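Notes to accompany the following structure.
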Amino acid sequence: MAKTIIVSNRLPIRIEKEDGQKVYKTSEGGLATGLGSIYKEGNNIWIGWPGISLDHEEEQEVEKELIDRNMRPVFLTDDDVEDFYLGFSNQTLWPAFHYFIHHMRFVDEEWESYYNANRKFADAVSKWLEPDDIIWVHDYQLMLVPEMIRKQFPNVTIGFFQHIPFPSYEVFRMIPWRKKLLNGVLGADYIGFHTYDDMRHFLSSCHRLAGYSYERNQILVKNRLVEADSLPMGIDYEKYLQSATSQLAKAKEISYRDSLGSQELILSMDRLDYSKGIPGRLQAFDKFLEKYPEYQGRVSLFLIVVPSRDQVASYKALKEKVEFLVGHVNGKYGTINYVPVHFYYRSFPLDDLSAFYRMCKIAMITPKRDGMNLVCKEYIASRENEDGVLILSEMAGASKELSDAILVNPNDQNEMVEAIKRALEMPLNEQKRRMKIMQRTVKKYTIFQWVDLFMNNLKDLKERQQSMATK
Ligand code: GDG
């Protein structure tokens, strides 16, 4: 029976070593949840890196163990991790695609490593591929994989989804290997982005840099019809609602509230990443307390930063900058019984996140650039009483769906200051009116719908390709 093969840089589990023993940890990420319904079914599989480098014997053991869980590992060496993952993926593509051009670097060895690592993933697909299988490749780390597979299997069905933004042609064209990257992705039949703008930027680059002409969202690649589309990703709404209404989350909220007192809380939660706009948010909060001193002692920023990529120099520098700003704001406005910024540099279990989503009247999600941003959708799903205010950056893909948030330009400090004031003073009936509309949207377009839609569109396109070929 034909199967679906999911391919992503990371598997939905990661292996860690505790006291020399291998331990399997499950990922609770949105993608793992959404695709769980696919890869765990029948003979479907998920191919990816288990997050650790192992010796040959251990690799064989892991491969056997993962087969029982419908997964197939791709093993990366320490050099691959350094050059392919931390290097080209995260220091060339990530900054370019998020418009941080001053963080971009172009290193030939890292490009070669990216190519070779993509080859490892493509080879793993070839190893397990059977006729009529459907392949779904995920994200910017694997842009060359679709073409690599296509060259070997010209008729196979391949989908590709890009989870981060696709930049304007003017930025994308700065990358020396731009044409190879585009042709890599164009090996897929159906190519998804979170927003219409990302899709449009991609098509424009295909035209201007690789010479393809397109009509609406369709491109002919060597007579093969390829379609790009915008398909915003959702969340498992019920999971977040249930968790936020659980006894455990409620009990945690009560106990945290006991210690915190009655001040209003503004939630800020992201991975440590310069694209997330964390320093700008802290600076806006600082300015807010300065401009509206009556709020000193009455409102605190609840700042959660989840460690990420901290071996990369720009991330280390960002961590120091955040720590400096937290210290600055707390030193400036703090009193014996008032902490302006509660700062946590770690990750938390879902029960805690749910308690935070419950107890913060405002969520301030102001990335400089974000493909989608799922945290804001989780916050919305968790607001059982339909109150609360979302301050959301225009530069997050989610802003296209959530126009009832207070939308801000994250580079406009004055606008962010006023947005905080407006959120704190928003009447309850207006909060509820806006929140209800946003809840309706987030509840309707869940991660499960997203997966179904992607798979159906991919299959539908394949059928159209086949009927074109027989005409
Ligand atoms: C990329 C794109 C796009 C965070 N802290 C904890 C925790 N989280 C969970 C959140 C959320 C996820 O991590 C973060 O997702 P985001 O979408 O906000 O951001 P990225 O990691 O940058 O993801 C992004 C996404 O891909 C999907 O396409 O939306 O634009 O950059 O689910 O809840 N989870 C737990 N503890 C934490 O401390 N359990």
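What the table below lists for this structure:
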| item | result |
| --- | --- |
| Some residue of region 295-310 being among the small types (Gly, Ala, Ser) and either under 18 Å from residue 346 (Cβ atoms) or part of a helix (DSSP H, G or I) (or both) | yes |
| Cβ-Cβ under 9 Å pairs, at least 6 apart or on other chains, region 267-291 side over 18 Å from residue 357 (Cα atoms) and of a type in the set (Phe, Trp, Tyr), far side part of a helix (DSSP H, G or I) and within 16 Å of the ligand (Cβ to nearest atom) | 274/95; 274/103; 274/314; 274/315; 274/318 |
| For residue 252: the one exception among (1) within 26 Å of residue 97 (Cβ to Cβ); (2) within 16 Å of the ligand (Cβ to nearest atom) | (1) |
| Failed item, numbered, when residue 85 is tested on (1) in contact (Cβ under 8 Å) with a residue 60 or more places away in the chain; (2) over 25 Å from residue 167 (Cβ atoms); (3) surrounded by 20 or more Cβ atoms within 10 Å (Cβ to Cβ) | (2) |
| Filter result (free of Cβ contacts under 8 Å to residues at least 24 places away in the same chain, more than 16 Å from the ligand (Cβ to nearest atom) and out of contact with any Ser or Thr (no Cβ under 8 Å at 6 or more places or on another chain)) within region 364-413 | 385, 403, 406, 412 |
| From the options 262, 308, residue that is at pLDDT below 95, farther than 18 Å from residue 354 by Cα, within 16 Å of the ligand (Cβ to nearest atom) and not acidic (Asp, Glu) | 308 |
| Any pair with Cβ under 7 angstrom, 6 or more apart, that starts in region 425-453 at a residue that is closer than 30 Å to residue 263 by Cβ and ends at one that is surrounded by 17 or more Cβ atoms within 10 Å (Cβ to Cβ) and of a type in the set (Phe, Trp, Tyr) | 442/237 |
| Number of positions in region 322-354 that are exposed (fewer than 14 other Cβ atoms within 10 Å of the Cβ), more than 14 Å from the ligand (Cβ to nearest atom) and either in a loop (DSSP other than H, G, I, E, B) or of a type outside the set (Gly, Ala, Ser) (or both) | 6 |
| Region 397-449, residues that are of a type in the set (Val, Ile, Thr) and in contact with a helix residue (DSSP H, G or I) (Cβ under 9 Å, 6 or more places away or on another chain) | 406, 408, 417, 420, 441, 442, 446, 447 |
| Neighbours by Cβ (under 9 Å, 6+ apart or cross-chain): first from region 346-357, within 12 Å of residue 375 (Cβ to Cβ); second assigned to a loop (DSSP other than H, G, I, E, B) and modelled with pLDDT of 95 or more | 357/383; 357/388 |
| Selection status of residue 314, within 16 Å of the ligand (Cβ to nearest atom), touching a residue at least 24 places away in the same chain (Cβ under 8 Å) and buried (at least 22 other Cβ atoms within 10 Å of the Cβ) | no |
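Residue-wise test of (1) within 16 Å of the ligand (Cβ to nearest atom); (2) part of a loop (DSSP other than H, G, I, E, B); (3) touching a Gly at 6+ places or on another chain (Cβ under 9 Å).
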{"residue": "127", "(1), (2), (3)": "no, no, no"}
{"residue": "131", "(1), (2), (3)": "no, yes, no"}
{"residue": "135", "(1), (2), (3)": "no, no, yes"}
{"residue": "141", "(1), (2), (3)": "yes, no, no"}
{"residue": "147", "(1), (2), (3)": "no, no, yes"}
{"residue": "154", "(1), (2), (3)": "no, yes, no"}
{"residue": "158", "(1), (2), (3)": "no, no, yes"}
{"residue": "164", "(1), (2), (3)": "yes, yes, yes"}
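The values are calculated or read from the model by the stated rules, or taken from the named source; none is laboratory data. The structure displayed is predicted, hence computed values, not measured ones. When we count neighbours, we look across all protein chains shown, and the Cβ atoms used for this are built from the backbone with ideal geometry, even at glycine.
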